[in-house]
Amino acid sequence: MALSPLLIGLLAAISLGGIAFVIMPYLSGEVRVERRHDQFINRNTREVSAPQRSAGNRREQVAQTLKDLEERQAAKNKVDLPTRIAQAGLRWTRRQYYITSGVFALVLALVALLVTGNLFVVVGAMLVGALGLPRWLLIYLTKRRSKKFVDEFANAVDVVVRGVRSGLPLGDCIRIVATEAAEPVKSEFRHIIESQSLGLSIAEACERLYQRVPVTEANFFGIVIAIQQKAGGNLGETLANFSRVIRERRKMAGKIQAMSMEAKASAGIIACLPFGVALLVYLSSPDYISLLWQTFHGKVSLMAAGLWMGVGVLVMRKMIHFDF
């Protein structure tokens, strides 16, 4: 059947309109504009993604460095006797330490023999003098030295910050601290300089600071220097933030000590009260209280009371001791 001229013209107009719709963007330049727009967006995306990739690589490097430092620190948790002596600030050798332990054991054993005359008490006093008293002395001296180090460490870090910002190398800044700082920071930074002269890098020498001064601040300092040496960055700004953190930790420690002082005083009074009452009763009525150590039931009661009192003291110490 022949198509009418009207239908043919309508189909031809639709076909021409479709063709024009297809080729019009090419003729008007819209396709070229879109292509340039896409190229511009892709170029910006590439330019933005490059710093992002570099930042991501740096974060991965820092994370890997922290992981290596943690693994290395976990391997160093076992502290030998020379390291404990160095942490206490003493210059003893193993032989001198053992000689001192023997002297303590003989002195306490002699005192126990003269006071009690009991062989078991003498043996116990000898063990306390040989094993307990020297170890307690090292722990006490280590804590006292660590406290002095923390009190002066922030000032030493500030000296390093000012030196780095003025353009001095890190080694020269550490040398200034090793010359002008107060003890024990002065001797510890001098030990870092001596370790460098023996061939260690400054990062490794700073990491060994924590072995001689077992405080968190020394560990942080070693980690900061190690990360800066491997990953780069603004050392002056990093150490300035580190110094501010040290001072804030000192302020927090002071606040905690002030807030817990009342509880510590109460715990001390409660712990001393039984001994004070026992002493007063013994002075007033010795026959009345002497049954506690003269009879079997009294001895058992004393042992039970001492056990429960020890548990109470430990619980009170746990309640008023804050770790941050």
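Each value in this text was obtained by applying a stated rule to the coordinates, not by laboratory testing. From a predicted model like this one, the values you see are computed outputs, not experimental measurements. Because the Cβ atoms are built from the backbone with ideal geometry, glycine has one as well, and the counts that use them run over all protein chains shown.
Expressed as a whole number of Å, what is the distance separating the alpha-carbon centroids of segment 279-303 and segment 137-177?
55
Nearest 0.05, what FRET efficiency do Ala263 and Asn241 give at R0 = 35 Å with Cβ-Cβ as r?
0.60
At 7 Å along Cα-to-Cβ for each site, give me the label-to-label distance between Phe296 and Leu168 in nm.
7.6
Mind listing which chymotrypsin sites (Phe, Trp or Tyr not before Pro) in segment 196-226 are in a DSSP loop and have 12 or fewer other Cβ atoms within 10 Å?
none
Using the structure shown, list the pairs from Lys148/Lys186; Lys264/Lys318; Lys147/Lys264 with a Cα-Cα distance above 18 Å, or answer none.
Working: Lys148/Lys186 11 Å; Lys264/Lys318 11 Å; Lys147/Lys264 20 Å.
Check vs 18 Å cut-off fails for Lys147/Lys264.
Find, to one decimal place in angstroms, the Kirkwood hydrodynamic radius of segment 260-324, where the mean of 1/r is taken over every pair of different Cα atoms and then inverted.
13.5
Between Ser285 and His321, take the C-beta separation as r, use R0 = 35 Å, and let me know the FRET efficiency to the nearest 0.05.
Plugging the Cβ-Cβ distance into 1/(1 + (r/R0)^6) gives 0.40.
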